[in-house]
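J.: What follows is a single structure, and I will ask about it in a moment.
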Amino acid sequence: MRILVRENSIVGCAKMVSRKVKEGWTPITQIKIDDSMAAYGDIQYVCLMEQPDDPEMLAKRKKGRFNSALGRLD
């Protein structure tokens, strides 16, 4: 599983990365500037992180799928 850690400052992003490392995530990239929304005055710092998939969680997630129109999707 992969997530994107996103903060407004480089220090805040580094803190979030260190928090995620303590939770078992590993950083894939360095902290980089995301200036895709710079035209609107929003510049953020991002870091891509990865954690191995837990087979039990994947099975539980697949088993518990539900569509309100159709009922349970088993």
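J.: Would any residue of the range 1-33 have its amide N under 16 Å from a label point 7 Å out along Cα→Cβ of ASP53? List them or say none.
T.: Label zone hits: 1-3.
J.: Follow-up question, since we're still on this one. Along the range 21-31, what does the Karplus equation 6.51 cos²θ - 1.76 cosθ + 1.60 (θ = phi - 60°) give for ³J(HN,Hα), rounded to whole Hz, x for Gly and Pro?
T.: My calculation for the range 21-31 gives 4, 5, 8, x, 7, 10, x, 8, 10, 6, 6 Hz in order.
J.: Percent of alpha carbon pairs in the range 4-58 separated by more than 17 Å?
T.: Values: 614 of 1485 pairs.
Percent of Cα pairs beyond 17 Å in the range 4-58: 41.
Computed from the coordinates by the stated procedures, all read-outs in this text should not be read as laboratory data. Since the model is a prediction, treat every value here as computed from it, not as a measurement. Ideal geometry is used to build each Cβ from the backbone, glycine not excepted, and the neighbour counts take in all protein chains shown.
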